[in-house]
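Working notes, structure below.
Read-outs throughout are calculated quantities, based only on the coordinates presented, and are distinct from any laboratory measurement. Predicted, not measured: the structure shown is a model, and the values here were computed from it. Every residue, glycine among them, receives a Cβ derived from its backbone with ideal geometry; neighbour counts consider all protein chains shown.
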Amino acid sequence: MLAYWLCQLFGWGLNGFGQTVTAMSREQAAPGLQIALEVASLNGIGLLLTHGLREYIKRHNWHTLRIAALVPRILGASVLLGCPIAVIMTFLSVAMMWGGGPADQAAVEQLTGKTGVWLLRMDLLLRTLNWSAVFAFWMGLYFSITSVRDRHRAELRQSELAHALKVAELRVLKSQLNPHFLFNSLNSVRALIADDPTGAQNAVTQLARTLRYTLTAGQEEVVSLERELDIVDDYLQLESLRLGERLRIERAIAPNARDAHIPVMMLQTVVENAIKHGIAELPQGGALRIGAEVREHALFIEVANPRPALPSHSPSNGVGLRNASERLRLLFGTAAALDLDLSHPDRALARIRIPQAQ
């Protein structure tokens, strides 16, 4: 509101200054103080009229009209507002700016009949057209400013809605991942309770540590690879208790990759998929290979594992991998990717690319 009144005062003040200079430059100009007061009064009336017009425009939603419907309204309102000021101006000395006025009345009084009336009407018409042009310019400027403002607000609102939607989608995806991980971990612990109570106790400790990580990371979308590897190690120890020597781990983590950023639970999801759909289904088990390095301002992760030639479940249809891929898209855009290579009949290779801030 403050900006509106500042613009009003500046605009009408500038218009009044120009009119004052024009009136005082005329040969039959009245005293400067008189001209200044008359011009200030006229522009003060103009300010009040445009303020009332603004309230009318807002109340009748002119902002929503198309150009074809708006232009006639602008022209009509300009003439309607210009007429009263033109009539008032007839009785003031500044009328000489746009024809007629007290300074020229002597010449008009010498004319009789239709000629004098015609001259008076022409003077009034000229003043009306000039003031109508002022009001038309005001409305054109007003609608231009409000159009830019409304467009900016709409873009900001659209951006906020898109961000809120993005956050909501991420929360939904994360809420789907955590129960999935918990369900499989509890199954591993249950399998150990009867045969290996000590192992079950260790597994419960590791599971508690893992759940604590997921809870504290609930407010974060990305973590360092170092932190993610910690939870992966806990998960692999849980699976090692269940699978024994059937599970072998090989790591090749470059030092520059440990501080890189990765979505929470991303690597754990890929590793879990590799064990569930690959190594766990093989009687002889196999080696899980995890590699990571940073190059060309991006983190590259590869998770390789053996798999059955005819798997009982299709890993490409897994909820976890679909969610992980969608989270990558939401967080990092199209520059990030998660691809599952199944071109080899007995091996699966998951490749993750995550851009890093330079």
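Between Glu326 and Glu220, how high is the FRET efficiency from 1/(1 + (r/R0)^6) when r is the Cβ-Cβ distance and R₀ = 25 Å? Nearest 0.05. Walk me through the numbers before you get to the answer.
On the way: r = 18 Å, r/R0 = 0.71.
The computed FRET efficiency comes out at 0.90.
Could you go through segment 70-82 in sequence order and give the Karplus-derived ³J(HN,Hα) for each residue, using 6.51 cos²θ - 1.76 cosθ + 1.60 with θ = phi - 60°, rounded to whole Hz, and x for Gly and Pro?
Once θ is set to phi - 60°, the couplings for segment 70-82 become 7, 4, x, 5, 5, 5, x, 5, 4, 5, 4, 7, x Hz.
Which whole-Hz ³J(HN,Hα) couplings does segment 192-205 yield from phi under the Karplus relation 6.51 cos²θ - 1.76 cosθ + 1.60, θ = phi - 60°, glycine and proline marked x?
9, 4, 6, 8, 9, x, 5, x, 5, 4, 4, 5, 5, 4
Could you work out how much longer the chain between Val79 and Arg251 gets when fully extended? Use 0.36 nm per residue separation minus the Cα distance between them, nm to one decimal.
Numbers: separation 172, 0.36 × 172 = 61.92 nm, distance 8.17 nm.
Answer, rounded to one decimal: 53.8 nm.
Amide H neighbours of Val222 under 5 Å, at least 5 residues apart or on other chains, H built in the peptide plane: list them.
Here Val264 satisfy the definition.
Mind giving me the FRET efficiency for Leu37 and Thr64? R0 is 35 Å, r the Cβ-Cβ distance, nearest 0.05 is fine.
So, using R0 = 35 Å, E works out to roughly 0.30.
Residue by residue, what Karplus-based ³J(HN,Hα) values in Hz, rounded to whole numbers, does segment 344-352 have, using 6.51, -1.76 and 1.60 with θ = phi - 60° and x for Gly and Pro?
Working through the residues one at a time gives 8, x, 10, 8, 10, 9, 9, 10, 10 Hz.
Enumerate the amide H contacts of Arg307 below 5 Å, restricted to partners 5 or more residues apart or on another chain; note that Pro and chain-start residues carry no placed amide H.
Arg347, Ala348
Calculated FRET efficiency, Thr205 and Ser159, Cβ-Cβ r, R0 45 Å, to nearest 0.05?
0.50
Using amide H atoms built in the peptide plane, which far-off residues or other-chain residues are under 5 Å from Arg26 H to H?
When sequence neighbours closer than 5 places are left aside, there are no close amide H contacts.
Restricting to segment 194-355, compute how many DSSP beta bridges are antiparallel as a %, nearest 5. Before the final figure, lay out the partial values.
On the way: 24 of 31 bridges.
Expressed as a percentage, antiparallel bridges in segment 194-355 total about 75.
Multiply the residue separation of Leu9 and Arg190 by 0.36 nm, subtract the distance between their alpha-carbon atoms, and state the gained length in nm to one decimal. All intermediate terms of the calculation are to be shown ahead of the outcome.
Working: separation 181, 0.36 × 181 = 65.16 nm, distance 7.80 nm.
The Leu9-Arg190 span can extend by a further 57.4 nm.
For segment 194-355, take N as its residue count and report Rg(C-alpha) divided by 2.2 N^0.38 Å.
Details: Rg = 15.7 Å, N = 162, 2.2 N^0.38 = 15.2 Å.
Against the empirical 2.2 N^0.38 Å value, I get 1.03 for segment 194-355.
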